[in-house]
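One structure below.
Nothing in this text is a laboratory measurement; each read-out follows from the coordinates by a stated rule. Since the model is a prediction, treat every value here as computed from it, not as a measurement. Don't worry about glycine lacking a Cβ; one is built from the backbone with ideal geometry, like all the others, and counts go over all protein chains shown.
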Amino acid sequence: MAQATGIKEIIKPENLVYRKTKVMTDNILSYCPGCGHGTAHRILAEIIDEEGLQSETIGISPVGCSVLLYEFIDIDWQEAAHGRAPALATAIKRLLPDKFVFTYQGDGDLAAIGTAETIHTCNRGENILIIFINNGIYGMTGGQMAPTTLPGMKSSTSPYGRDVKLMGNPLKMTDIVATLPGTYYVTRQSVHTPVNVRKTKKAIRKAVHYQKLNKGTCFIEIVSNCPSGWKMTPVEANKWMEANMFPFYPLGDLKVPAEENAQKTTNSEKND
Amino acid sequence: MEKELRLMKGNEAVAEAAIRTGADGYFGYPITPQSEILEYLMEADPYHTTGMVVLQAESEVAAINMVYGGAACGKKVMTTSSSPGISLKQEGITYIAGAELPCLIVNVVRGGPGLGTIQPAQSDYFQATKGGGHGDYHLIVLAPASVQEMADFVELGFDLAFKYRNPVMMLSDGAIGQMMEKVWLSPQKERSKTVPAWATTGKPATRDRIIITSLDLDPNGQERFNQKLVAKYNEIREKEVRYEEFQCEDAEYILVAYGTSARVCMKSIQLARAQGIKVGLLRPITLFPFPTKRLNELAGKVKMMVSVEMSAGQMVEDVMLSVNGKVPVYHFGRMGGIVTEPEEVVDFLKSKI
């Protein structure tokens with residue numbers, strides 16, 4: 001009882017240093033403990049809030065763990081069939097070019113069943129943002145092998161580990177789309193530490209800016225975890241991700257706008 | 001403004017009518033025998049006149065999902081294809097039906113199954129009228145029998161689609177799509193400046209967010225939705241049946257046929273009547289809803305009905321259900337992309353009298 005009173009004393013408006021973004025709804029997230037989706041949702045909602053985009057945004061939710069994404073972020077949503085989100089986004093942006101349009105897709109959705117839609121949307125340079133959550137597994141259906149599952153990695157459909165001779169190699173979709181002329185900004189980030197969260201948020205803000213300038217497709221991969229599917233504790237999962245996922249899917253920009261490169265050079269010259 | 005008379009292919013008429021009715025978007029993929037629709041629209045380039053978006057998608061699957069995205073924004077959007085392409089679109093179509101989105105899908109039918117032929121057929125009747133994709137749903141299905149109707153049913157299709165928030169399919173065939181006829185085209189209409197209240201347009205502070213989805217993880221909720229759809233389909237059955245009768249007044253035999261087969265049957269009736277056989281035609285214009293009541297009434301007055309279709313016998317099942325055993329019902333028709341000859345229909349009729 002004494003402890004409860006103590007918490008009440010602490011939870012006061014004047015003590016709040018970090019509050020719920022108003023663009024997040026009050027619905028309880030449906031994700032497992034330690035999952036990266038909640039953080040990714042949160043920073044996306046923060047950007048929508050901070051950039052004043054709530055009334056200008058149409059999001060497309062995928063099929064996968066984040067299928068109920070529309071329950072958590074308070075904007076207009078369309079729920080796509082598995083893998084088809086970029087096709088929806090294409091039409092939405094062409095019919096409503098002034099709106100901020102993004103898709104949020106997992107690796108099964110984007111890099112397996114939706115491969116054609118992903119590549120062709122990026123190749124046309126549709127002026128949208130694609131957020132790609134890559135945790136190397138099909139989470140919602142119970143931990144099956146994904147197109148991104150690492151060589152040797154165990155899943156319910158690769159119980160002895162992914163044998164690339166039998167099951168093919170993991171697909172680096174982000175590297176592929178970075179080669180296409182239609183993409184403008186392609187980056188690979190994570191949300192497992194505060195520093196990485198800030199970097200990812202910065203990337204999303206850049207993509208919002210580029211979309212306003214009609215620059216083409218922006219593609220942000222977030223390498224993430226799946227404690228349940230990987231059968232690890234959240235802490236173990238993040239450590240495993242750093243040790244195994246990041247070497248195969250290295251974090252950083254894969255394609256940055258030419259003018260930004262020029263800007264960086266100018267700045268560094270000034271600094272010199 | 002007055003209507004304009006043009007000589008056009010059925011496929012071209014669809015494209016021109018789409019522009020003139022103020023469609024907002026067309027998303028297509030080439031396939032014979034309907035590629036003229038996409039070609040015509042690309043050449044007409046309506047984006048620079050009416051603002052209509054025209055896009056060649058990477059697949060039929062992408063095209064129908066573009067239609068989903070556009071329709072969910074409350075826009076008048078459409079796609080067209082032919083049989084194998086329509087099979088690919090079925091996933092998108094069931095999602096569109098499940099999300100209650102309005103759109104127009106044109107199927108210029110060719111022979112199947114599989115890659116089949118590129119010649120006209122009517123073998124997609126089951127797919128069009130009974131659902132096609134998974135789950136309990138219906139499309140409103142319009143069956144044009146002329147180039148004029150291919151043009152007219154674009155506007156009618158969009159009107160019905162928005163009235164009922166339901167996808168509409170125009171079930172044409174390779175003959176009507178490819179043949180040229182005179183067609184009266186309506187004057188250019190402006191594209192709508194407003195969208196329905198259910199559309200995703202960006203959430204202002206004044207309303208709750210809009211979610212376009214076909215998902216309900218609560219079975220009770222899903223069943224309530226299914227019941228809502230059933231009620232909608234029943235209303236459509238009640239209010240939207242369209243058909244045409246030809247020489248049925250004194251008929252002892254009725255041919256039931258739509259599209260190209262209906263045109264063949266008009267000639268068959270002329271030939272049969274010259275031989276003293278009193279035969280008439282009921283041409284369903286809507287295949288869903290089907291003119292069940294009228295066929296049942298007519299069954300009480302005639303001796304026999306023949307469903308004439310370029311298929312192995314698909315609509316015949318709906319004719320039988322409508323007639324409900326009152327009179328014998330037969331099927332006759334050629335397949336594989338072959339158009340039935342009028343004389344063949346007469347011979348078949350005589351063999352059953």
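Averaged across B:122-131, how many Cβ atoms of other chains sit within 10 Å of each residue's Cβ atom? Each step should come with its number before you reach the end.
Working: counts 0, 0, 0, 0, 0, 0, 0, 0, 0, 0.
Across the residues of B:122-131, the mean count of other-chain Cβ atoms within 10 Å is 0.
Just to check I understand the Karplus step: with θ = phi - 60° and J = 6.51 cos²θ - 1.76 cosθ + 1.60, what whole-Hz values come out for segment B:202-213, glycine and proline as x?
x, 8, x, 4, 7, 9, 6, 5, 9, 10, 9, 8
Which whole-number value in Å³ per residue fits the convex hull of the alpha carbons of chain A?
Working: hull volume 45.0 nm³, N = 272.
Taking only Cα atoms, chain A has a hull volume of 165 Å³ per residue.
Please order A:Val235, A:Val101, B:Val323 by the number of other Cβ within 10 Å, starting at the fewest.
Details: A:Val235 10, A:Val101 26, B:Val323 22.
Sorted ascending by nearby Cβ count, the order is A:Val235, B:Val323, A:Val101.
Would you mind estimating how fast segment B:244-352 diffuses translationally, via Stokes-Einstein at 25 °C and 0.890 mPa s with the Kirkwood radius over Cα pairs, in µm²/s? Present the calculation step by step, with values, prior to reporting the outcome.
Numbers: Rh = 13.4 Å.
Diffusion coefficient, whole number: 183 µm²/s.
Could you tell me which GluC sites (Glu not before Pro) in segment B:225-329 are loop residues by DSSP with no more than 13 other beta carbons within 10 angstrom of their beta carbon? Mind dumping the intermediate values first?
Numbers: sites: B:Glu235, B:Glu238, B:Glu240, B:Glu244, B:Glu245, B:Glu249, B:Glu252, B:Glu297, B:Glu309, B:Glu317; in loops: B:Glu240, B:Glu249, B:Glu252, B:Glu309.
For GluC sites (Glu not before Pro) across segment B:225-329 that sit outside H, G, I, E and B with at most 13 neighbouring Cβ atoms in 10 Å, the list reads B:Glu249, B:Glu252.
What FRET efficiency comes out for A:Tyr160 versus A:Asp253 if R0 is 45 angstrom and r is the Cβ-Cβ distance? Round to the nearest 0.05.
0.80
With +1 on each Lys and Arg Cβ and -1 on each Asp and Glu Cβ, how big is the dipole of chain B about its Cα centre, in debye rounded to the nearest 20? Each step should come with its number before you reach the end.
Numbers: 37 positive and 42 negative charges, 141 e Å.
Here chain B has a charge dipole of around 680 debye.
Expressed as a whole number of Å, what is the distance separating the alpha-carbon centroids of segment A:197-227 and segment B:56-77?
Cα centroid to Cα centroid, the span is 25 Å.
How much space per residue, in cubic angstrom, does the convex hull of the C-alpha atoms of chain B take up? Write out the running numbers ahead of the final one.
Working: hull volume 50.8 nm³, N = 353.
With only Cα atoms used, chain B gives 144 Å³ per residue.
Mind checking segment B:1-36 for GluC sites (Glu not before Pro) that DSSP puts in a loop (not H, G, I, E or B) and that have at most 10 other Cβ atoms within 10 Å?
On the way: sites: B:Glu2, B:Glu4, B:Glu12, B:Glu16, B:Glu36; in loops: B:Glu2.
Passing sites in segment B:1-36 are B:Glu2.
Radius of gyration and Dmax for segment B:153-288's Cα atoms, expressed in Å?
21.7, 73
Can you pull the one-decimal nm distance between simple spin-label points at B:Lys3 and A:Arg205, each 7 Å off the Cα toward Cβ?
In this crude label model, B:Lys3 to A:Arg205 measures out at 6.0 nm.
Mind checking the full-extension length gain between B:Gln227 and B:Asn324? Use 0.36 nm per residue of separation minus the Cα-Cα distance, one decimal, nm. Show your work: numbers first, answer last.
On the way: separation 97, 0.36 × 97 = 34.92 nm, distance 2.60 nm.
Full extension of this stretch gives 32.3 nm more.
Place a +1 charge on the Cβ of each Lys and Arg in segment B:244-352 and a -1 charge on the Cβ of each Asp and Glu, then give the dipole magnitude about the Cα centre in debye, rounded to the nearest 20.
Values: 13 positive and 13 negative charges, 33 e Å.
Here the size comes out at about 160 debye.
Report P(r) for segment A:1-153: all Cα-Cα distances, bin width 10 Å, range 0 to the bin holding the largest distance, values in whole percent.
The percentages, shortest bin first, are 10, 35, 31, 14, 7, 2, 0.
Report relative contact order for chain A in percent, whole number only (criteria: Cα-Cα under 8 Å, sequence separation at least 6).
17
Report Rg(Cα)/(2.2 N^0.38 Å) for the protein assembly as shown, keeping two decimals. Intermediate values should be presented prior to the final figure.
On the way: Rg = 28.3 Å, N = 625, 2.2 N^0.38 = 25.4 Å.
Normalised by 2.2 N^0.38 Å, the Cα Rg of the protein assembly as shown equals 1.12.
Which one of B:Ala205, A:Pro151, A:Ala237 has its Cα pushed farthest toward the positive end of the charge dipole of the protein assembly as shown, where Lys and Arg give +1 and Asp and Glu give -1 at the Cβ?
Toward the positive end, the furthest listed residue is A:Ala237.
Gaussian network model of chain A, Cα springs within a sub-10 Å range: biggest mean-square fluctuation belongs to which of A:Gln105, A:Gln144, A:Gln189?
Maximum fluctuation in the GNM of chain A, among the listed residues, is at A:Gln144.
Between helix B:219-239 and chain B, what is the angle of the helix's C-alpha long axis to the longest principal axis, kept within 0 to 90° and rounded to the nearest 10?
50
Take the Cβ-Cβ distance between B:Lys189 and B:Gln56 as r, set R0 to 25 Å, and report the resulting FRET efficiency rounded to the nearest 0.05. Intermediate results must be reported in sequence, preceding the final value.
Working: r = 25 Å, r/R0 = 0.99.
Between B:Lys189 and B:Gln56 the formula returns 0.50.
Rounded to the nearest 0.05, what FRET efficiency do B:Met180 and B:Phe126 give with R0 = 22 Å and r taken as the Cβ-Cβ distance? Could you check? Don't skip to the answer; put the middle values down first.
Numbers: r = 30 Å, r/R0 = 1.36.
Between B:Met180 and B:Phe126 the formula returns 0.15.
In chain A, once you exclude exposed chymotrypsin sites (Phe, Trp or Tyr not before Pro) (DSSP loop, at most 15 other Cβ within 10 angstrom), what's the longest stretch remaining?
Working: sites that count: A:Tyr18, A:Tyr160.
Within chain A, the longest run free of exposed chymotrypsin sites (Phe, Trp or Tyr not before Pro) spans A:19-159.
For segment B:37-71, run through the GluC sites (Glu not before Pro) and keep only the ones in DSSP coil with at most 15 other Cβ atoms within 10 Å of their Cβ. If you can, show how the numbers build up before the last one.
Values: sites: B:Glu39, B:Glu43, B:Glu58, B:Glu60; in loops: B:Glu58.
Passing both the DSSP loop test and the Cβ count: no residue.
Please arrange B:Arg283, B:Arg224, B:Arg237 by how many other C-beta atoms lie within 10 Å of their C-beta, fewest to most. All intermediate terms of the calculation are to be shown ahead of the outcome.
On the way: B:Arg283 22, B:Arg224 11, B:Arg237 16.
With the sparsest Cβ surroundings first, the list reads B:Arg224, B:Arg237, B:Arg283.
Restricted to Cα positions, what overall size does segment A:146-210 have along the principal axes? Three whole-Å values, descending.
Cα extents, longest axis first: 44, 32, 13 Å.
In which sequence would B:Lys89, A:Lys239 go, from the one with the fewest C-beta neighbours within 10 Å to the one with the most?
Ascending Cβ contact count within 10 Å gives the list A:Lys239, B:Lys89.
So what are the three principal axis dimensions of segment A:103-155 from its Cα atoms, in whole Å, longest to shortest?
Extents along the principal axes: 37, 18, 13 Å.
Per-residue Cβ counts within 10 Å, from other chains only, averaged over B:213-226: what number is that? Don't jump to the answer; show the numbers that get you there.
Numbers: counts 8, 2, 6, 0, 3, 0, 0, 0, 0, 0, 0, 0, 0, 0.
Mean partner-chain Cβ count within 10 Å for B:213-226: 1.
PRE reach from B:Ser351 (point 7 Å along Cα→Cβ): which of segment B:308-332 fall under 14 Å by backbone N?
The answer is B:330-332, whose backbone nitrogens lie closer than 14 Å to the label point.
Residues of B:91-101, mean number of Cβ from any other protein chain within 10 Å of their own Cβ, rounded to a whole number?
2
Would you work out which of B:Met266, B:Asn220, B:Ser311 lies farthest towards the positive end of the dipole of the protein assembly as shown, given +1 charges on the beta-carbon of Lys and Arg and -1 on that of Asp and Glu, about the Cα centre?
B:Asn220
Given charges of +1 on the Cβ of Lys and Arg and -1 on the Cβ of Asp and Glu, with all other atoms neutral, how large is the dipole of the protein assembly as shown about its Cα centre, in debye to the nearest 20?
Numbers: 66 positive and 69 negative charges, 174 e Å.
Computed about the Cα centre, the dipole is about 840 debye.
What distance in nm separates the two pseudo spin-label positions at A:Glu260 and B:Gln270, each 7 Å out from Cα along the beta-carbon direction?
Placing both labels 7 Å along Cα→Cβ, they lie 7.0 nm apart.
Using Cα centres only, tell me the gap between segment B:205-258 and segment A:74-95 in whole Å.
Computed from Cα coordinates, the inter-centre distance equals 26 Å.
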